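A short worksheet on the structure shown next.
The values are calculated or read from the model by the stated rules, or taken from the named source; none is laboratory data. Just so it is clear, the structure is predicted and the values come from calculations on it, not from any experiment. Here Cβ is always computed from backbone atoms with ideal geometry, including for glycine, and neighbour counts include all displayed protein chains. Note: accessible area is taken over every heavy atom of the protein model, side chains too, but ligands, DNA and RNA are not part of it. Shrake-Rupley method; radii C 1.70, N 1.55, O 1.52, S 1.80 Å.
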Amino acid sequence: MAPAWRAVGEAVCDLVFPWRCTLCLAAGPAVRGPFCDDCRAELLAEAVAYREASCPRCALPVGPYADLAGGCSECRGKALGFDAAVALGLHRKDEAPWRDFVLAIKDERGAFLAPAMASLWAEARREAFEAVPSDALVTPVPQHWFRRLRRRYNQTDVLARALAVSLRREPRDALRRVKYTPHLVGRTRQDRDAVMRGAFAARRGAELKGRTVVLVDDVLTTGSTLGSAARALMRAGARRVVAVVISREA
Ligand SMILES: [Zn+2]
Ligand SMILES: [Zn+2]
């Protein structure tokens, strides 16, 4: 096709099928949401493989014959704050695609990825969510109001809302940040734990007594943030906390 006609053809295709796959850039009827059918199938297969290859308690990678009773060799006997952790994949330096999604969704223009992440969570980790009772709440790890004032968008809000829709559970802002915390990048685990201690409290009227809470963040690194948020939920009477993230940083 002559270049000019191809351009027209692509323009018409864009009008009829406005989505392009975020990963392979294909356009057409097989692209629903941010991914084409092939790329979505690949992501799902990766997430299912990670379920088999990771610890159900802390979401770190484990070997094929690891004994996971009470957690893996990294987390066994350690108080994490949460009872279980669900991650779609691993987040190492320069490792695509999960790290790319975590980075993209930090910006408001990446919010369109949230429903796709939620459907991957629900499908790849069905067994973890089947154990979540019907009156469970889905809640985001909140930002401090000061940070929120400067940046109204919070990726954990859109992720939690999308996951609540996928799981047909109630979304609720059950937590607030009561302490302004500096960025944690580059700090040791002990340092992060100290910074995050007491950073969260349950909101008044959150009605957490005896309930399971699905606690949503974008990434799980040392677990200091999710652990501190989970402890605030437990202090307010929650029975069980399942931490859910796009990616586990090893
Ligand atoms: Zn694709
Ligand atoms: Zn573990």
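Quick notes
- Gap separating the Cα centres of the stretch 101-172 and the stretch 200-250, nearest whole Å: 13 Å
- Stokes-Einstein D for the chain, Kirkwood Rh over Cα pairs, 25 °C, 0.890 mPa s (µm²/s): 128 µm²/s
- Of Ser224, Ser166, Ser73, the one that fluctuates the most in a GNM where the chain has Cα springs shorter than 10 Å: Ser73
- Taking 17 Å as the straight-line reach from the Cα of Lys209, the aspartates and glutamates in range (excluding those fewer than 8 positions away in the same chain) are Asp83, Asp135, Glu170, Asp173.
- When the trypsin sites (Lys or Arg not before Pro) in the stretch 159-232 are filtered for DSSP coil states and for at most 11 other beta-carbon atoms within 10 Å of their beta-carbon, the remaining sites are Arg168, Arg204, Lys209.
- Computed over the chain with a Gaussian network model linking Cα atoms closer than 10 Å, the most mobile of Ala114, Ala27, Ala128 is Ala27.
- Within the same chain, aspartates and glutamates fewer than 8 places from Lys78 are excluded, and of the rest, those with a Cα less than 20 Å from its Cα are Asp67, Asp191, Asp193, Glu249.
- For the stretch 33-249, accessible area per residue (1.4 Å probe, heavy atoms of protein chains only), Å²: 48 Å²
- Subtracting the Cα-Cα distance of Asp107 and Lys209 from 0.36 nm times their residue separation leaves 33.3 nm of extension gain.
- Rounded to the nearest 20 debye, the dipole magnitude of the chain is 1440 debye, with +1 charges on Lys and Arg beta carbons, -1 on Asp and Glu beta carbons, and the Cα centre as origin.
- For Ala250, the amide hydrogen comes within under 5 Å of the amide hydrogens of His91, counting only partners 5 or more places away or on other chains and with H modelled in the peptide plane.
- Charge sum, other residues only, whose C-beta stays under 10 Å from Asp83's C-beta, Lys/Arg counted +1 and Asp/Glu -1: +3
- When you restrict to C-alpha pairs under 8 Å that are six or more residues apart and normalise by the size of the stretch 121-250, the relative contact order lands at 27 percent.
- Considering only Gly89, Gly77, Gly237, the mean-square fluctuation computed in a Gaussian network model of the chain, springs between alpha carbons under 10 angstrom, is largest for Gly77.
- The stretch 185-250: relative contact order in percent, alpha carbon pairs under 8 Å with at least 6 residues between: 41 percent
- Accessible surface of the chain [probe 1.4 Å, protein heavy atoms]: carbon and sulfur percent: 55 percent
- Selected from Ala136, Tyr65, Ala250, residue furthest toward positive end of dipole (the chain; charges at beta carbon): Ala136
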